[in-house]
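Q: Attaching a single structure in structure tokens format; questions to follow.
The values are calculated or read from the model by the stated rules, or taken from the named source; none is laboratory data. All values reported here derive from a predicted model rather than from experimental measurement. Backbone-built Cβ (ideal geometry, glycine too); neighbour counts: all protein chains shown. These accessible areas exclude ligands, DNA and RNA; they are computed on the full protein's heavy atoms, side chains included. Shrake-Rupley method; radii C 1.70, N 1.55, O 1.52, S 1.80 Å.
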Amino acid sequence: MKVGTARTMATEWVIRQASREAGFIGAYFSGSTTGLPDDAELSASSDIDVMIVTDQTEPPLKLGKFTYRGTLVEATYLSLKELSSTQEVLSSHHLASSLRLDTIIADPTGQLRSLQSEVSRHFAESVWVRRRCVNVLHKIESGLRNTDNSAPLHDQVTSWLFPTGITTHVLLLAALRNPTVRLRYLAARNVLQEYGLDSVYPELLGLLGCAHLTPKRIEQHVDGLARTFDAAAAAAKTPFFFSTDISPVSRPIAIDGSYELIRAGNHREAIFWIVATYARCHKILAADAPHLQHELAPAFEAVIADLGIATSDARKRRADEVIRFLPKLRETAEAIMLANPDIVNK
């Protein structure tokens with residue numbers, strides 16, 4: 001399917017369904033496909049991300065992934081209050097990156113277009129680029145310093161994994177690139193290569209713990225993940241924010257997409273989302289099928305052992321390593337910003 005066709009289907013869904021919901025303010029495209037032309041081929045391991053803006057102070061859980069007329073859509077609700085200040089949007093790495101381009105689908109009040117115009121005008125100014133990078137650096141340190149060692153293993157791994165993984169976002173923001181989720185390490189590698197900073201990338205992989213892993217070993221972990229994923233998708237009843245990420249409709253992204261990365265020579269770049277998906281599966285299983293969680297635990301334990309984060313002490317040591325790396329990460333981001341011709345020095 002072409003990206004343009006997928007956008008047309010997602011737009012139709014917004015107009016026919018989402019726009020009729022109470023509190024609907026507007027909608028826009030976000031995510032990794034926003035920079036792709038209409039005639040680009042949409043990978044089977046990709047979806048079309050749609051943000052639904054609502055005037056509800058506490059919007060409902062995201063709709064998540066679903067298929068509409070053959071198109072895989074991921075819809076997320078966003079409260080209008082989060083878009084009330086241009087400065088706050090420009091300071092947010094996800095919001096600013098989404099609204100830098102005019103990807104508005106529906107805007108009956110005109111509020112989104114006015115905001116998007118302002119964000120686009122100031123997005124590349126150095127003061128805002130730097131602020132976004134600094135905010136993510138603070139988020140990394142705060143996340144790694146505030147983990148709960150009494151939480152279930154899958155939650156502890158998630159609490160370590162995501163702050164560690166957004167080290168890549170600091171680099172992507174400095175390069176004015178989209179802070180993608182599943183492909184963040186691949187995107188960061190490309191940025192570092194482009195700016196002649198290749199030597200930093202092995203350090204990122206080392207902090208994640210996957211630098212030594214072979215394609216064969218990581219493929220074995222995907223084999224185990226596939227079994228865990230299918231069990232969790234079948235057992236799932238309790239709603240979580242990520243629930244539709246662990247469902248049959250999302251299997252091509254989580255499982256097929258991981259195999260695709262490995263076979264393309266990007267095995268280490270696949271491991272972040274493999275582990276994130278493992279942890280989410282086990283959260284579902286803990287709630288809805290504890291007997292299966294126990295049965296499938298060895299595969300999850302094997303992947304975190306390979307990353308060197310099998311115990312709380314090991315995760316604490318690795319978290320400290322990431323925190324010690326942050327000054328270098330900031331220096332690297334500054335070097336990218338200084339070399340980036342698209343950044344406006346203000």
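Q: In this structure, does Leu137 turn out to be touching a residue at least 12 places away in the same chain (Cβ under 8 Å) and either open to solvent by 30 Å² or more (accessible area, probe 1.4 Å) or in a helix (DSSP H, G or I) (or both)? Give the steps one after another, and end with the answer.
A: Values: touching a residue at least 12 places away in the same chain (Cβ under 8 Å): yes; either open to solvent by 30 Å² or more (accessible area, probe 1.4 Å) or in a helix (DSSP H, G or I) (or both): yes.
The answer is yes for Leu137.
Q: Starting from residues that are under 26 Å from the mean Cα position of the chain (by Cα) and charged (D, E, K, R), keep the ones in the range 331-346 and report whichever is least open to solvent (accessible area, probe 1.4 Å).
A: For the range 331-346, the residue satisfying everything is Glu334.
Q: On the basis of being under 20 Å from the mean Cα position of the chain (by Cα), at pLDDT 95 or above, surrounded by 20 or more Cβ atoms within 10 Å (Cβ to Cβ) and aromatic (Phe, Trp, Tyr), does Tyr278 make the cut?
A: Yes.
Q: Do you know which residues across the range 47-87 are within 14 Å of Glu21 (Cα to Cα) and of a type in the set (Phe, Trp, Tyr)?
A: The answer is Tyr77, and nothing else.
Q: May I ask you to list pairs of residues, at least six apart or on different chains, whose Cβ atoms are under 9 Å apart, with the first in the range 278-294 being closer than 15 Å to Phe241 by Cβ and the second being outside any helix (DSSP H, G or I) and small (Gly, Ala, Ser)?
A: From the range 278-294, the pairs are Ile284/Ala236; Ala287/Ala236.
Q: Can you tell me which residue is nearest to Cys210 (Cα to Cα) among those in the range 312-329 that are open to solvent by less than 70 Å² (accessible area, probe 1.4 Å) and not aliphatic (A, V, I, L, M)?
A: Among those residues, the one meeting the criterion is Arg318.
Q: In a helix (DSSP H, G or I) and surrounded by 14 or more Cβ atoms within 10 Å (Cβ to Cβ), is that true of Gly308?
A: Taking the combined requirement at face value, the residue does not satisfy it.
Q: Are there any helices (runs of 4 or more DSSP H) wholly within the range 156-238 with 1 or more residues that are at pLDDT 95 or above and either open to solvent by 50 Å² or more (accessible area, probe 1.4 Å) or under 27 Å from His291 (Cα atoms) (or both), and if so which?
A: Helices (runs of 4 or more DSSP H) meeting the threshold: 184-194, 201-208, 215-235.
Q: Could you tell me which residue of the range 239-257 is least open to solvent (accessible area, probe 1.4 Å), considering only residues that are in contact with a helix residue (DSSP H, G or I) (Cβ under 9 Å, 6 or more places away or on another chain) and in a loop (DSSP other than H, G, I, E, B)?
A: The qualifying residue least open to solvent (accessible area, probe 1.4 Å) is Ile246.
Q: Note down all Cβ pairs under 6 Å where the first residue falls in the range 95-120 and is without any contact (Cβ under 8 Å) to a residue 24 or more places away in the chain and within 21 Å of Trp13 (Cα to Cα), the second is open to solvent by less than 50 Å² (accessible area, probe 1.4 Å) and among the acidic types (Asp, Glu), and they're at least six residues apart or on different chains.
A: Arg113/Asp107
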